[in-house]
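The values are calculated or read from the model by the stated rules, or taken from the named source; none is laboratory data. None of the values given here were measured: they were computed from a predicted structure. We place every Cβ from the backbone using ideal geometry, glycine too, and count neighbours over all the protein chains shown. The protein model used for the area step is the full one, side chains on, heavy atoms only, and it has no ligands, DNA or RNA in it. Shrake-Rupley method; radii C 1.70, N 1.55, O 1.52, S 1.80 Å.
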Amino acid sequence: MHVVVPKPLHTFGQHASGMVANLAEIVAVGEALERALALLQAGDVVAIPTETVYGLAGDATNGVAVARIFEAKGRPRFNPLIAHVADRAMADRIAGFDPLSARLAEAFWPGPLTLVLPHRADSGIHPLVTAGLDTIALRMPRGFGGELIARLGRPLAAPSANSSGRISGTTAQAVAADLGGRIKLVVDGGATPVGLESTIVKVEHGELRLLRPGGIGAEEIEAVAGAKLLRGAAGIEAPGMLASHYAPGAAMRLNVQQIVRGEALLAFGRSRAEGWQDAAAIRNLSEAGDLREAASNLFAAMQALDRSGATTIAVEPIPFEGLGEAINDRLARAAAPRDKTA
Ligand code: TXA
Ligand code: MG
């Protein structure tokens, strides 16, 4: 299917100078439901907290709403979005579940797991959401998101709430600073507990493939599946995996044993890389060496070091087990050469 993203629908918030005014209202989660609902029903977008990262949500059945998501993010048109559902019944109206996917949904939903499934032709999902693929990525979020979707009665398309190629927002303030000139409402649920995006898996010929490491460690999924996850992308299936998807402004240097004077230091655990005293700024992802804590701090720490003005962020080694796989994946993307398509 050929999918074209429409020209910008509106340009509010854009000064003649090109500066973006911060127009978004930040409303606490307890007071935001009716306001968010009204905007979504009108085909507008809203930034909402989920347990992973903030999402930029729009009605997945409304093409104008989905186009507004792409517009606000400046996202490449070929990048499909995750559709978020309130319950299994809603998921079943959108996609077909094989037994293994059903078992994973049972075990991990609501939660930070996204399943890529065969898409039903009569799902009502707008084709911009899937970018023309015959599969669809589905996730059932916890908390406010789930409540909002249940009230709306329709799935929400919601990529991470950040400009394309930038770090995913994990606080309402970070989202407002990035997208505030282009959206009207940021629902403030505080810092997101998981801190990085959902794990994406897909059943292929009875086997399970990891398309994106994320908020649930591969080992946990393997324990439920009773089998190893296949690694390595099959084709271009997760184009959100564009190399420089998570790029801060500063260059990144990974697995450093020694700091160069003037670099900012992204630290992990108790022992410091040599020369740490010469770092321009330091953030420790987890003093205790806890990978879950590190994941939840990752994007905010990268943003803080980026703001320090250092031209390079040096990163201490992060172990690969559990959530360390997803952390290393995001760091590798942030360190990748920048390209214009991200
Ligand atoms: O935690 C999350 O997953 C967050 C929160 C907001 O729910 N959402 C998120 O969405 O990270 P986004 O759009 O930033 O990432 C969606 C990922 C992309 O890598 C995209 O390529 C992949 O899902 N994806 C979407 N549909 C797919 C499909 N049919 N097959 C394979 N990958 C797909
Ligand atoms: Mg994203």
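Scan the range 319-338 for residues that are open to solvent by 10 Å² or more (accessible area, probe 1.4 Å) and either within 16 Å of S286 (Cα to Cα) or among the hydrophobic types (A, V, I, L, M, F, W, C) (or both) and jot them down.
P319, F320, E321, G322, L323, E325, N328, A332, A335, A336
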When you go through (1) within 16 Å of ligand 2 (Cβ to nearest atom); (2) open to solvent by 30 Å² or more (accessible area, probe 1.4 Å) one by one for R120, which number turns out not to apply? (1)
I'm told G214 meets every condition in (1) without any contact (Cβ under 8 Å) to a residue 60 or more places away in the chain; (2) surrounded by 16 or more Cβ atoms within 10 Å (Cβ to Cβ) except one. Can you identify the failing condition by its number? (1)
Can you tell me which of (1) open to solvent by less than 30 Å² (accessible area, probe 1.4 Å); (2) under 17 Å from the mean Cα position of the chain (by Cα) is the one G74 doesn't meet? (1)
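Against the condition closer than 15 Å to K184 by Cβ and among the acidic types (D, E), how does E71 come out, does it pass?
So E71 passes the test.
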Mind listing whichever residues of the range 152-162 are in a loop (DSSP other than H, G, I, E, B) and more than 11 Å from the chain's Cα centre (by Cα)? G153, R154, P155
Does the range 68-76 contain at least one residue that is in contact with a Gly (Cβ under 7 Å, 6 or more places away or on another chain), of a type outside the set (A, V, I, L, M, F, W, C) and more than 12 Å from ligand 1 (Cβ to nearest atom)? yes
Within the range 163-183, tally of residues that are assigned to a loop (DSSP other than H, G, I, E, B) and farther than 18 Å from A60 by Cα: 12
Among the numbered conditions (1) surrounded by fewer than 22 Cβ atoms within 10 Å (Cβ to Cβ); (2) more than 14 Å from ligand 2 (Cβ to nearest atom), tell me where V201 comes up short. (1)
Could you tell me which residue of the range 198-208 is nearest to ligand 1 (Cβ to nearest atom), considering only residues that are modelled with pLDDT of 95 or more and either in contact with a Gly (Cβ under 9 Å, 6 or more places away or on another chain) or in a loop (DSSP other than H, G, I, E, B) (or both)? S198
Residue hits (the range 209-220; more than 16 Å from ligand 2 (Cβ to nearest atom), assigned to a loop (DSSP other than H, G, I, E, B) and of a type outside the set (G, A, S)) are I216
Scan the range 129-145 for residues that are more than 16 Å from ligand 2 (Cβ to nearest atom), of a type in the set (A, V, I, L, M, F, W, C) and open to solvent by less than 50 Å² (accessible area, probe 1.4 Å) and report the count. 4
Inspect the range 171-189 for any residue being open to solvent by 10 Å² or more (accessible area, probe 1.4 Å), under 23 Å from R333 (Cβ atoms) and near ligand 1 (Cβ under 10 Å from one of its atoms) and give the result as yes or no. no
Could you check the range 72-151 for helices (runs of 4 or more DSSP H) lying wholly inside it with 3 or more residues that are within 29 Å of A223 (Cα to Cα)? 88-94, 99-108
